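A quick write-up on the structure given underneath.
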Amino acid sequence: IGVGLVGFGLFFILFGILLYFDSVLLAFGNILFLSGLVFIIGFRRTFTFFFQRPKLKGSSFFFGGVLIVLMRWPILGMLLEAYGFINLFR
């Protein structure tokens, strides 16, 4: 279930970007991606991954970007998510 949710989430994010940053598709993709991640590695491990002390800056930008996309500002939200993603996995 988790791998399917992550796959559909990435598909919707890519499709939302291809359709000129459609905010509904991007928001749906973000929600599916994060819920799939929770299904794959579990709630506790997901929480500890995102809220470690050195990764807090990247996590805040990533979740801030998700929130901005949900508030229908897709370009700014995706930029914040990308910056947070880079900081998380640096």
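Looking at the range 9-31, is at least one residue out of contact with any strand residue (DSSP E or B) (no Cβ under 6 Å at 6 or more places or on another chain) and over 17 Å from Val69 (Cβ atoms)? Within the range 9-31 (the criterion being out of contact with any strand residue (DSSP E or B) (no Cβ under 6 Å at 6 or more places or on another chain) and over 17 Å from Val69 (Cβ atoms)), the answer is no, since none of the residues qualifies. Contact annotation: residue pairs with Cβ atoms under 6 Å, 6 or more positions apart or on different chains, pairing a residue in the range 1-29 that is crowded, with 16+ Cβ neighbours inside 10 Å with a partner that is among the acidic types (Asp, Glu), are Gly16/Asp22.
Pick from the range 42-72 the residues that are touching a residue at least 24 places away in the same chain (Cβ under 8 Å) and open to solvent by 100 Å² or more (accessible area, probe 1.4 Å): which of them is farthest from Leu32 (Cα to Cα)? Residue satisfying both the conditions and the ranking: Lys57.
Taking the stated definitions as given, is Phe39 of a type outside the set (A, V, I, L, M) and within 19 Å of Phe85 (Cα to Cα)? Against the criterion (of a type outside the set (A, V, I, L, M) and within 19 Å of Phe85 (Cα to Cα)), Phe39 does not qualify. Going residue by residue through the range 77-89, is there one that turns out to be surrounded by fewer than 19 Cβ atoms within 10 Å (Cβ to Cβ) and within 11 Å of the chain's Cα centre (by Cα)? Scanning the range 77-89 turns up at least one residue that is surrounded by fewer than 19 Cβ atoms within 10 Å (Cβ to Cβ) and within 11 Å of the chain's Cα centre (by Cα).
The values are calculated or read from the model by the stated rules, or taken from the named source; none is laboratory data. Source: prediction; values computed, not measured. A quick note on method: Cβ atoms are made from the backbone with ideal geometry, for glycine too, and the neighbour counts reach across all protein chains shown. Just so you know, the surface numbers come from the protein's heavy atoms only, side chains and all, with ligands and any DNA or RNA stripped out. Shrake-Rupley method; radii C 1.70, N 1.55, O 1.52, S 1.80 Å.
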